[in-house]
Amino acid sequence: PLASLLELGGVKIAKDDVVRDDPTNNVPDTIFAKLGMQLHRRNQHPIGILKNAIYEYFDANYPNKFDKFDDLCPIVSVKQNFDDVLVPADHVSRSLNDTYYVDSQTVLRCHTSAHQAELLRGGHTHFLVTGDVYRRDSIDSTHYPVFHQMEGVRVFSPQDWEASGLDATNYAAQDLKECLEGLARHLFGAVEMRWIDTYFPFTNPSYELEIYFQEKWLEVLGCGVTEQEILKRGGKLNNVAWAFGLGLERLAMVLFDIPDIRLFWSTDERFTSQFSQGQLGVKFKPFSKRSIYIDMDNYVQLAVIALVKSNPNSPFLKPSNLIRKAEVPCNVNISSTVHCTKEVDTDNLEQRKRPGLAISPDGVFCVRGDWYPPCYKDMSFWISESFTENNLCEVIRGVAGDLAEEVSLIDNFTNKKGMTSHCYRITYRSMERSLTDEEINELQWQVRDQVQTKLNVVLR
Ligand code: PHE
């Protein structure tokens, strides 16, 4: 049941203040339900544990310096979210397609940078702001319309850089990089990192930090030297500053081995009970009871190779997720691997430790046997001018909620009459149980129905 009165940053907010009949409003009930959840304030939740670990780093390196905020209301003005950080009037992030608008002047913040200006004006020179942020987006294992960021800002005075021999901007940029490299080492231990030049409206120069983890470069934060205009408006004429914004889910997925971003919202005790206060980086163990296992080693090898070949982009099939890397001949045939199956009880630890692959009823394999089976549904339609993938995903989320794991465009063509057809594949999967055919079919019918009525497309 949705709480209809929320207390957010000391402000009382009624559901009708957020989800209402305003021509600009695009906040669905499912998003409203996330307001006030504040995962980042739970000390036993991976997001809260990570926040505390970052606090620890700042407390150790800059004792009593950084003011911390983690209870600022996520409902902010367009001015705070965009104008105050110099986001141009025509920037895509302002569109109704990308941002949740409560009304034409009010949004659910899309980044914690929305609080930079007011805190600077309030006289803060060192601060960390942690909070939930909201973005309309596509659906896959690393994107969710609500996630958490931590913003950091540090302001310097002339005496800070004068002694260094560097100009103010270079001094701030160097300090920023040292600070964040130290943070990455604090969280990950010795890691390879690289800086990428990029663009943000509010910083110049701007960078992204990537770390090398599990055979991939992973973008973990954006940062840079604050635009002078922002400092000037904050009454800091003779200063220079740096700012960063880091995505907590991204980091937590890596640190805790959490393979799907929806899990952060799970209230299943088999998820929540695995984490405890102060324990950074305890590896998450997926849970499942009803998988079918192949338990003959050679069959496992064959299946892994076949699986990787047929799903080269699957996030579950990163080499690091595989039980074993097999050297197997190239002419592998999936059907040759499926006839040796055995039911096992994954609550039984001895059996769980065994290498294995799950096979879902429709013949789709899951690595480690720890995943409930997915269910794929394809849907084709002629799009209209106004069609966007974010809108499609909003409809699907409205019907299926967290059962929607991924939505991907698998076919796209334009016919001689100039009509464009899209085919989307929806992956349904629960993190907590096996889904039945009946319930998925029911969801898919509702999706088809709503796609037609709400998105102005013609199903094929
Ligand atoms: N607000 C940026 C984002 O959400 C991150 C950022 C913060 C970049 C501060 C630079 C400085 O992507």
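The values are calculated or read from the model by the stated rules, or taken from the named source; none is laboratory data. Everything numeric in this text was worked out from a predicted model, so none of it was measured. Virtual Cβ from ideal backbone geometry, glycine too; neighbours counted across all protein chains shown.
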Quiz prompt | Residue in the range 85-100 that is away from the ligand (no atom under 13 Å from the Cβ), closer than 25 Å to Arg41 by Cβ and in contact with a Lys or Arg (Cβ under 8 Å, 6 or more places away or on another chain) present | solution = yes
Quiz item: Does Asp59 satisfy the condition of being assigned by TED's automatic domain parsing to the domain that holds Gly234, at negative phi, at pLDDT below 95 and exposed (fewer than 15 other Cβ atoms within 10 Å of the Cβ)?
Solution: no
Quiz item: Looking at Gly189, is it more than 10 Å from the ligand (Cβ to nearest atom), farther than 20 Å from Gly123 by Cα and small (Gly, Ala, Ser)?
Solution: yes
Quiz item: Out of (1) closer than 27 Å to Ile261 by Cα; (2) within 15 Å of the ligand (Cβ to nearest atom); (3) surrounded by fewer than 22 Cβ atoms within 10 Å (Cβ to Cβ); (4) not acidic (Asp, Glu), the odd one out for His126 is which?
Solution: (1)
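I want to confirm something. Restricting to the range 210-250 and keeping residues that are basic (Lys, Arg) and in contact (Cβ under 8 Å) with a residue 40 or more places away in the chain, which single residue is farthest from the ligand (Cβ to nearest atom)? Give the steps one after another, and end with the answer.
Our first condition is that a residue be basic (Lys, Arg); within the range 210-250, this holds for 216, 232-233, 236, 250.
If we keep only those that are in contact (Cβ under 8 Å) with a residue 40 or more places away in the chain as well, we get 216, 233, 236, 250.
Details: Lys216: 20, Arg233: 16, Lys236: 16, Arg250: 11 Å.
Result: Lys216.
Can you tell me which residues in the range 69-101 are hydrophobic (A, V, I, L, M, F, W, C) and without any contact (Cβ under 8 Å) to a residue 12 or more places away in the chain?
Restricting attention to the range 69-101, the residues satisfying the condition of being hydrophobic (A, V, I, L, M, F, W, C) are 69, 72-73, 75-76, 78, 82, 85-87, 89, 92, 96.
If the condition is that a residue be hydrophobic (A, V, I, L, M, F, W, C) and without any contact (Cβ under 8 Å) to a residue 12 or more places away in the chain, then Ala89, Val92 are the ones that fit.
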Quiz item: Could you list, in sequence order, the residues of the range 139-165 that are in contact (Cβ under 8 Å) with a residue 24 or more places away in the chain and away from the ligand (no atom under 16 Å from the Cβ)?
Solution: Ile139, Asp140, Ser141, Ser157, Pro158, Trp161
Exercise. Tell me, yes or no, whether the range 166-173 has at least one residue that is under 23 Å from Lys283 (Cβ atoms) and in contact (Cβ under 8 Å) with a residue 12 or more places away in the chain.
Key: no
Practice problem: Go through the range 166-253 and tell me which strands (runs of 3 or more DSSP E), entirely inside it, have 3 or more residues that are polar (S, T, N, Q). | Solution: 203-213
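Test Arg121 against the stated conditions and say whether it is within 16 Å of the ligand (Cβ to nearest atom), of a type in the set (Lys, Arg) and at pLDDT 95 or above.
Numbers: within 16 Å of the ligand (Cβ to nearest atom): no; of a type in the set (Lys, Arg): yes; at pLDDT 95 or above: yes.
For Arg121, the condition - within 16 Å of the ligand (Cβ to nearest atom), of a type in the set (Lys, Arg) and at pLDDT 95 or above - is not met.
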Practice problem: Only residues that are surrounded by fewer than 16 Cβ atoms within 10 Å (Cβ to Cβ) and under 26 Å from Asn238 (Cα atoms): list them for the range 170-196, please. | Solution: Asn170, Gln174, Glu178
